[in-house]
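K.L.:
Starting off with a structure, shown below.
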Amino acid sequence: MAKNLKLKAARAELDYSQEDLAKAVGVSRQTINMIERGDYNPTLNLCLSICHVLGKTLDEIFWK
């Protein structure tokens, strides 16, 4: 699985730390870190939650 640099960039645009995003979507900071590293394949519900918090679409963050 490839690194998710789009997630990292979208998070940085809002000046959110991994911890900030994790709290907003109800997961651990480690989960956000693993998604960004490409070591974890999040559920669709988690993807939607992340997109909602970041104000992005699934296409913008998770789809190629």
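K.L.:
Explain nothing, just compute: Karplus ³J(HN,Hα) = 6.51 cos²θ - 1.76 cosθ + 1.60, θ = phi - 60°, for every residue of segment 22-31 in order, whole Hz, x for Gly and Pro.
P.N.:
So the J values, rounded to whole Hz, are 4, 5, 5, 9, x, 10, 7, 4, 4, 5.
K.L.:
Along segment 51-57, what does the Karplus equation 6.51 cos²θ - 1.76 cosθ + 1.60 (θ = phi - 60°) give for ³J(HN,Hα), rounded to whole Hz, x for Gly and Pro?
P.N.:
4, 4, 5, 7, x, 10, 9
K.L.:
Between (1) 13.6, 46; (2) 10.4, 29; (3) 10.1, 26, which entry matches Rg and Dmax of the Cα atoms in Å as derived from the coordinates of this structure?
P.N.:
Here the calculated entry is (3).
K.L.:
Relative contact order, percent, of the chain when contacts are C-alpha pairs under 8 Å separated by at least 6 residues?
P.N.:
Answer for the chain is 40 percent.
K.L.:
Apply the Karplus curve 6.51 cos²θ - 1.76 cosθ + 1.60, θ = phi - 60°, to the phi angles in segment 37-42 and return the couplings in whole Hz, x for Gly and Pro.
P.N.:
Karplus values, whole Hz, x for Gly and Pro: 6, x, 9, 9, 9, x.
Where a number appears in this text, it was derived from the coordinates with a stated rule and is not lab data. Remember, it's a predicted structure, so these values are computed and weren't measured experimentally.
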